[in-house]
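J.: Below are the structure tokens for one structure; questions will follow.
The values are calculated or read from the model by the stated rules, or taken from the named source; none is laboratory data. The structure presented is a predicted model; accordingly, all values stated were derived computationally and were not measured. In this analysis, Cβ positions are derived from the backbone assuming ideal geometry, glycine residues included, and neighbour counts consider all displayed protein chains.
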Amino acid sequence: MPNYNEKAIEGHLYCWQLQRKSPNFAHAGLLKVTITEVWSLEDVKSFYNKINRGQYTLQGDDAIKGFIYCLYRQRFSTKAAHAKMCKVLGDDGIKMEDVQEIYQKIEEGYNMELISLEGIMKLMDEKIVNKLDLKSRLSLRNTSKALRTLIENGNYKMKSLTFAMEEERIAIEDDQDYQCVFRKQGDKCAIYDNGDYKLVKGAFWKRAERGLKLFLGVNNNTKIENLELKIPKYFEPKLTFVDILGGLDKKLKVKTLYFNTPNYSIMYHIADLLNCLDSHELEELTTRCYLHAFFAYQIFGTEHWKNLKCFRCYEQVYYENLGDTFGHLHYGRFGPLRFPTVDQLTHLKDKLLHNQNLMAMKVYQRLERENVDEFRSHFDQISDFKTPFHVVPATDRKVLSVFIDSIAILFKGPCSECSVCGDTAELRGTASGLLERFHRERNDSSK
């Protein structure tokens, strides 16, 4: 159960008392914040009596924050909150900038929760801070300047992060079950933060953009293993991922980027989106979108593409030269937009022969029987025709093997999990097992 700052709660209740709200009303208001009862109704009544006897004065940063938090929840503007505070503390008691700063902290997650001194001392150990999850980081960065600095400049590795963007709903979820949802509710924005709920004023898209930038900017050295972006098929968002990622202080370090959407609108911003990511960190790119020439030109030839190791496209891809475009990849899976010629296939083979990091290159293309025979005729046959595929080696069978059938062409490199030569396999598995897996995968792709 969260531990709340007693001084902040006193300031919060004092705000209600000055507005001549009853102890019952103040107790109910406090309960809406804490969810669980941290002060009983008798505690609130006792504190009211203390105020009435003139034994309480609003002082100290925590109490002032609690007082302003009460005004914020009543939807006071910063100007109105500042005027209210000046009546309590005097005209020089607090600056407008101080009120604005507290409002900003509230919007970033401040809710009067307290971190114990013992807990803070433990968390000051950088190794422990670097293991905190996203929710803990968002809470602790508002506790003190020291912790904020430590959290923002430490190392933070996230296994996975998913953005799901819909017309009236935006959700973010990490691999540790932390979830925050922004949902449009009339002219306001409802925020569900890991079970906590609040309804705030302001445009839905602007609130979501601010919240998402806060999540991603919680640490200057955040590394995300897998970033998944999801958009419904027929939807043109007012807020793009570029709006969010482009507003960060540093380029986001992402290893694997997955466009889990058939929506083409996301690809119109692909160049700008890639520019928001560190080109030296991105290793894998997966998309369910058809990549015609306009999209392909924005990707191929960029520093991100040159450094890319793995590319998967579950639709067709435009290309000008198979070998020059895909020959550097460690792993590739795609369907070329147009039928490759023998020269283009041979050029790809020549490029892959010099790729010592190649695991596999799977080119999905429906071939007529005469095309299969033509392609096979350019390689030395070593199959006994007992396998489902015609298995042939390239120039050096230790470097590259080629499998050709009516639906796909598969190149297997020296770094593949299974090295095939004829009907036998080295390292792991068997040739028949490899072909069975390839059959299963090609059948799935044709559905």
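J.: How many residues does the range 170-189 contain that are surrounded by 15 or more Cβ atoms within 10 Å (Cβ to Cβ) and touching a helix residue (DSSP H, G or I) at 6+ places or on another chain (Cβ under 9 Å)?
T.: Number satisfying all stated conditions: 10.
J.: Cβ contacts < 9 Å: first residue among the basic types (Lys, Arg), restricted to the range 31-57; second residue part of a loop (DSSP other than H, G, I, E, B), any location; separation 6+ or different chain. Result?
T.: Sorted first by the residue in the range 31-57, then by its partner, the pairs are 50/56.
J.: Another one. Test residue 29 against the criterion of being crowded, with 16+ Cβ neighbours inside 10 Å, among the small types (Gly, Ala, Ser) and touching a helix residue (DSSP H, G or I) at 6+ places or on another chain (Cβ under 8 Å), and give yes or no.
T.: yes
J.: Which one of 338, 333 is among the charged types (D, E, K, R) and under 30 Å from residue 166 (Cα atoms)?
T.: The conditions single out 333.
J.: Next question, about the same structure. Residues in the range 144-162 that are under 21 Å from residue 249 (Cβ atoms) and either β-branched (Val, Ile, Thr) or modelled with pLDDT of 85 or more (or both): how many?
T.: Final tally of qualifying residues: 3.
J.: Quick check on the range 196-206. Is at least one of its residues of a type outside the set (S, T, N, Q), modelled with pLDDT of 75 or more and touching a Ser or Thr at 6+ places or on another chain (Cβ under 7 Å)?
T.: Looking through the range 196-206, none of the residues is of a type outside the set (S, T, N, Q), modelled with pLDDT of 75 or more and touching a Ser or Thr at 6+ places or on another chain (Cβ under 7 Å).
J.: So which residues in the range 160-192 are in contact (Cβ under 8 Å) with a residue 60 or more places away in the chain and assigned to a strand (DSSP E or B), if there are any at all?
T.: Once the filter is applied, which keeps residues that are in contact (Cβ under 8 Å) with a residue 60 or more places away in the chain and assigned to a strand (DSSP E or B), the range 160-192 yields 160, 161, 162, 163, 164, 165, 170.
J.: I've got another one for you. Counting residues that are under 19 Å from the mean Cα position of the chain (by Cα), which helices (runs of 4 or more DSSP H) fully inside the range 250-337 reach at least 1?
T.: Where helices (runs of 4 or more DSSP H) fall fully within the range 250-337 and carry at least 1 residues being under 19 Å from the mean Cα position of the chain (by Cα), they are 270-275, 303-307.
J.: In addition: Specify the residue that is farthest from the chain's Cα centre (by Cα); the eligible residues are those in the range 216-228 that are buried (at least 20 other Cβ atoms within 10 Å of the Cβ) and modelled with pLDDT of 70 or more.
T.: 222
J.: Any chance the range 83-98 includes a residue that's modelled with pLDDT of 85 or more and within 33 Å of the chain's Cα centre (by Cα)?
T.: Looking through the range 83-98, at least one residue is modelled with pLDDT of 85 or more and within 33 Å of the chain's Cα centre (by Cα).
J.: Could you name every one of the helices (runs of 4 or more DSSP H) located completely within the range 1-120 that has at least 3 residues being closer than 29 Å to residue 192 by Cα and not assigned by TED's automatic domain parsing to the domain that holds residue 210?
T.: 6-18, 23-34, 61-73, 78-89, 96-107
J.: A further question follows. Could you please find all residues in the range 339-352 being touching a residue at least 12 places away in the same chain (Cβ under 8 Å) and either surrounded by fewer than 19 Cβ atoms within 10 Å (Cβ to Cβ) or closer than 17 Å to residue 408 by Cβ (or both)?
T.: The answer is 339, 340, 342, 344, 345, 346, 347, 348, 349, 350, 352.
J.: For the range 301-309, state whether one or more residues are basic (Lys, Arg) and not assigned by TED's automatic domain parsing to the domain that holds residue 414.
T.: There is at least one residue in the range 301-309 that is basic (Lys, Arg) and not assigned by TED's automatic domain parsing to the domain that holds residue 414.
J.: Here's a follow-up. Just to be sure before I move on: is residue 312 touching a Leu at 6+ places or on another chain (Cβ under 8 Å) and under 25 Å from residue 253 (Cβ atoms) in the structure I sent?
T.: yes
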